[in-house]
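Data first, discussion second: the structure below is written as structure tokens.
Bear in mind these aren't lab numbers, they're just calculated from the coordinates by the rules spelled out. Keep in mind that this is a model prediction, so the values were computed, not measured. Note: ideal-geometry Cβ built from the backbone for every residue, glycine included; neighbour counts use all protein chains shown.
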Amino acid sequence: MELQEFFRENPKVAVAFSGGVDSSYLLYAAKQYAKEVRAYYVSAEFQPRFEYEDAMRLAKEIGAQVSVIKLSALEIPKVAENPANRCYYCKQGIFGAIWKAAREDGFSVLLDGTNASDDAGDRPGMKALLELSVRSPLRECNLTKAQIRELSKEAGLFTWDKPAYACLATRIPTGEVITKEKLADTEAAEGFLFSLGFTDFRVRSKEGHARIQLPEAQWGLLMQHRAEILQELSKYYETVSLDLEVRA
């Protein structure tokens, strides 16, 4: 099935929109082919500010309507406890809120940006999407991440080469309680590294200790800024180290 055919069969759709590569292209395609579309962005503690700004910019550039839903992810049952299947509970809460808003707006079809490269067996959140009857056109049309980037580039979307960015909660190890303070520390620390020119990295934490993961090609840049990184990140963490094995 092609996307154009999908939207012929589903001409009125709501799109769960994060501002990332996949949901941005999905929203663009829906604007091209569907008769009516509205995007829904959930503003919660797990998303850094730049994700919201990217989402609003993209929606404005393609002329899409966006409804912003404010939600406390940490108030969703079990999410703050951070079990291994935290994503399942989080998706249940987030997409439940989107469904509620979309139905009130007259939509009966809700879409998300899961693509054909995503491994369903390793994503508890995808179980929640299935239970909530959320459709994934990019996956249904067998579009891979690489294809979506290429199509986004051809469409002139600035998100085409945007690095993957998992939610802030993924920086905290399973079983360690998630708090607003830990999420804020993560956002501040990663924001500082972004400002120095780092890309495709993570600042993971465990019980107040930070571990920076970044591509080996950027280790030299890290050493150039070692002193200022230690000075800044010490505001949020007891210790700061470089992960020599795991890459972001």
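Among all lysine pairs in the stretch 3-159 that are eight or more places apart or on different chains, how many have alpha carbons less than 23 angstrom apart? Going through the stretch 3-159 pair by pair, I get 25.
Put +1 on the Cβ of every Lys and Arg and -1 on every Asp and Glu Cβ in the chain; which of 88, 106, 50 then has its Cα farthest towards the positive end of the dipole? Comparing the listed Cα positions along the dipole, 106 ranks first. Measuring nothing but how far apart in sequence close Cα pairs (under 8 Å, 6+ apart) lie, relative to its length, the chain scores a relative contact order of 18 percent.
Considering helices alone, the calculated mean residue ellipticity of the chain at 222 nm is -13000 deg cm²/dmol, with DSSP H runs of length four and up weighted by -39500 (n - 2.57) and normalised per residue.
Around the Cα centre of the stretch 179-242, unit charges on the Cβ atoms of Lys, Arg, Asp and Glu (plus for the first two, minus for the last two) sum to a dipole of about 120 debye.
Contact order, relative form, for the stretch 53-150: 25 percent (alpha carbon pairs under 8 Å, 6 or more residues apart, mean separation divided by residue count).
Quick one: longest stretch of the chain between exposed loop GluC sites (Glu not before Pro), exposed meaning at most 14 other C-beta atoms within 10 Å and loop per DSSP? With GluC sites (Glu not before Pro) excluded where exposed in loops, the chain gives 82-175 as its longest stretch. Charge tally for residue 190 (other residues, Cβ to Cβ under 14 Å; Lys, Arg +1; Asp, Glu -1): +2. Taking a ≥ b ≥ c as the square roots of the Cα gyration tensor eigenvalues, with a/c under 1.5 meaning rounded and otherwise prolate when a/b beats b/c, else oblate, which class fits the stretch 3-159? Rounded, since a/c falls under 1.5. Computed over the stretch 179-242, relative contact order equals 33 percent, with contacts defined as Cα pairs under 8 Å that lie 6+ residues apart. Look at the dipole of the chain built from charges on Cβ: of 233, 97, 215, the Cα furthest out on the positive end belongs to 97. Among residues other than residue 110 with Cβ under 13 Å from its Cβ, the summed charge is +2 (Lys and Arg +1, Asp and Glu -1). Where both bridge residues fall in the chain, DSSP classifies roughly 25% of the beta bridges as antiparallel. Taking the square roots of five times each eigenvalue of the Cα gyration tensor of the stretch 179-242, the equivalent ellipsoid has semi-axes of 18, 12, 11 Å, listed largest first. Counting charges near residue 72 (Lys, Arg +1; Asp, Glu -1) among other residues having Cβ under 12 Å from its Cβ returns a value of 0.
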